[in-house]
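Have a look at the structure below, then the notes.
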Amino acid sequence: MIPGLMQKDEEALRRLMQVYGDELLRTAYLLLRDRQAAEEAVQDSFIVAFERIGQLREEAKLKSWLIRIVVNRCRMRQRTWSFRHLFPSAQMENWLAEEKQAGPEEELLQQFKSGTLTQAIHQLNYIYREVLVLHYFQEMSVAEMAEHLHLSGNTVKARLARGRHALRRILEKEEDFEWSRNSSST
């Protein structure tokens with residue numbers, strides 16, 4: 001696929017979008033809380049990746065390189081206010097149900113049919129949403145997140161801890177959510 005992208009083959013770009021599109025869209029949605037903004041961020045990311053594929057140093061790191069581009073696009077969109085923020089976004093569960101395969105995110109979200117988890121994640125400050133989404137939904141290590149976000153490992157660990165704590169407080173406030181204080185945090 002990468003040699004095709006290097007030669008600016010549009011079919012290679014279509015394959016790239018098919019392979020990584022849904023996963024990048026889930027990540028962007030969790031970060032931005034708005035499906036349309038997430039779709040735009042992912043589309044922009046694919047365009048940037050197509051234009052700058054020569055900057056990819058190791059083919060094995062294609063997925064993490066794409067995630068970095070998406071996270072940067074989401075950060076850019078987060079800094080720019082839009083009238084879309086005045087209107088509520090659609091529930092994530094509605095469009096995740098359209099996917100062919102159920103991923104771990106969808107299975108987890110189905111357990112919270114009321115949208116409790118999605119709503120709780122969306123209530124967090126962006127810096128905490130960012131690290132929680134990358135860690136739990138993209139399964140990135142602290143070191144990988146530090147590299148992608150251009151932060152120190154200790155900063156990432158602190159944001160993860162604060163984000164978990166804030167998420168726990170939000171979820172404990174929900175009437176239907178039973179939080180086990182005896183469960184170990186990862």
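The values are calculated or read from the model by the stated rules, or taken from the named source; none is laboratory data. Note that the structure is a prediction, hence the values are computed from the model and not measured. Methodologically, a virtual Cβ is constructed for each residue, glycine included, from the backbone with ideal geometry; neighbour enumeration extends over all protein chains shown. For the accessible areas, the whole protein counts, side chains as well, though only heavy atoms, and no ligand, DNA or RNA atoms are used. Shrake-Rupley method; radii C 1.70, N 1.55, O 1.52, S 1.80 Å.
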What is the calculated FRET efficiency for residue 1 to residue 165, with r their C-beta to C-beta distance and R₀ = 45 Å, to the nearest 0.05?
-> 0.65
Dipole axis of segment 1-79 (+1 Lys, Arg; -1 Asp, Glu on Cβ), positive-most option in 17, 31, 47 = 31
Sequence of 131, 142 when ordered by accessible area, the most exposed leading, probe 1.4 angstrom = 142, 131
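Ordering 44, 22 from largest to smallest accessible area (1.4 angstrom probe), what's the sequence?
Ranked list, largest accessible area first: 22, 44.
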Given the protein chains as shown and a 1.4 Å probe, how many square angstrom of residue 14 are accessible, to the nearest 10?
-> 120
Tell me the GluC sites (Glu not before Pro) within segment 1-66 that lie in a loop according to DSSP and have at most 15 other beta-carbon atoms within 10 Å.
-> 58
Order 155, 27, most accessible first, counting only protein heavy atoms with a 1.4 angstrom probe.
-> 155, 27
